[in-house]
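**Student:** Got a structure here, written out as structure tokens. Questions coming.
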Amino acid sequence: MKLETLAELNAERAARRPAILVTDTGSGEQRLVKAENLAGDPLRAELSRQLRMGKSGMIEAAGKKLFLNVYAPTAKLVIVGAVHISQALAPLARALDYDVTVVDPRTAFASPERFPDVPL
């Protein structure tokens, strides 16, 4: 991967914006498609489908085999209230790859002991 492509991809990921790296498996040529540029891309239907699914995959277009590497930010879940239901919901959401935050001003409820590995 070219350094400028990597820098662009890292900038998109840091800003939590989705992007797709399109790689021609025959030639190795790569290009980055940002979510904001999807509408004007010749592969917009395929790119949109992969982005909606959040999954990388192979496609064929114009006689070429292309690998679409999807970089989509994880979904965020903010749980308001550190009650007993939240204690069950937080680890479940983390297991499903959500970015979980628990919000509760009551330190007796929102404690690291009750919510290990979850930002409070």
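The values are calculated or read from the model by the stated rules, or taken from the named source; none is laboratory data. The shown structure was predicted, so the numbers you read here are calculated from the model rather than taken from an experiment. FYI the Cβ positions are ideal-geometry reconstructions off the backbone, even for glycines, and counts take in every protein chain you see.
**Student:** Taking the stated definitions as given, is Glu46 surrounded by 11 or more Cβ atoms within 10 Å (Cβ to Cβ) and of a type outside the set (A, V, I, L, M)?
**Tutor:** It is true that Glu46 is surrounded by 11 or more Cβ atoms within 10 Å (Cβ to Cβ) and of a type outside the set (A, V, I, L, M).
**Student:** Can you say whether Ser27 is out of contact with any Leu (no Cβ under 9 Å at 6 or more places or on another chain), farther than 19 Å from Pro116 by Cβ, among the hydroxyl-bearing types (Ser, Thr, Tyr) and not assigned by TED's automatic domain parsing to the domain that holds Ala110, as far as the supplied structure shows?
**Tutor:** Considered against the rule, which asks whether it is out of contact with any Leu (no Cβ under 9 Å at 6 or more places or on another chain), farther than 19 Å from Pro116 by Cβ, among the hydroxyl-bearing types (Ser, Thr, Tyr) and not assigned by TED's automatic domain parsing to the domain that holds Ala110, Ser27 comes out as yes.
**Student:** Among (1) in contact with a Pro (Cβ under 6 Å, 6 or more places away or on another chain); (2) in a loop (DSSP other than H, G, I, E, B), which single condition is Asp97 missing?
**Tutor:** (1)
**Student:** Quick check: is even one residue across the stretch 28-44 touching a helix residue (DSSP H, G or I) at 6+ places or on another chain (Cβ under 7 Å), over 21 Å from Asp99 (Cβ atoms) and assigned to a loop (DSSP other than H, G, I, E, B)?
**Tutor:** Within the stretch 28-44, one or more residues are touching a helix residue (DSSP H, G or I) at 6+ places or on another chain (Cβ under 7 Å), over 21 Å from Asp99 (Cβ atoms) and assigned to a loop (DSSP other than H, G, I, E, B).
**Student:** Being under 27 Å from Tyr98 (Cα atoms), touching a Ser or Thr at 6+ places or on another chain (Cβ under 9 Å) and not assigned by TED's automatic domain parsing to the domain that holds Asp99: is that true of Met58 here?
**Tutor:** The answer is yes for Met58.
**Student:** Oh, and also: For Arg17, only one of the following conditions fails: (1) part of a loop (DSSP other than H, G, I, E, B); (2) among the basic types (Lys, Arg); (3) more than 22 Å from Val118 (Cβ to Cβ); (4) out of contact with any helix residue (DSSP H, G or I) (no Cβ under 8 Å at 6 or more places or on another chain). What is its number?
**Tutor:** Here Arg17 clears every test but (4).
**Student:** Among the listed residues Ala88, Ala95, Ala72, Ala108, identify the single one that is out of contact with any strand residue (DSSP E or B) (no Cβ under 6 Å at 6 or more places or on another chain), closer than 30 Å to Pro42 by Cβ and aliphatic (A, V, I, L, M).
**Tutor:** Ala72
**Student:** List the pairs whose first member sits in the stretch 38-59 and is in contact (Cβ under 8 Å) with a residue 12 or more places away in the chain, whose second member is in a helix (DSSP H, G or I) and of a type in the set (Ser, Thr, Tyr), and whose Cβ atoms are under 7 Å apart, counting only residues at least 6 apart or on separate chains?
**Tutor:** If the second residue must be in a helix (DSSP H, G or I) and of a type in the set (Ser, Thr, Tyr), the pairs left are Leu38/Ser48.
**Student:** Which of (1) over 24 Å from the mean Cα position of the chain (by Cα); (2) surrounded by fewer than 11 Cβ atoms within 10 Å (Cβ to Cβ); (3) not aromatic (Phe, Trp, Tyr) is the odd one out, the single condition Asp104 does not satisfy?
**Tutor:** Unmet for Asp104, out of (1) over 24 Å from the mean Cα position of the chain (by Cα); (2) surrounded by fewer than 11 Cβ atoms within 10 Å (Cβ to Cβ); (3) not aromatic (Phe, Trp, Tyr): (2).
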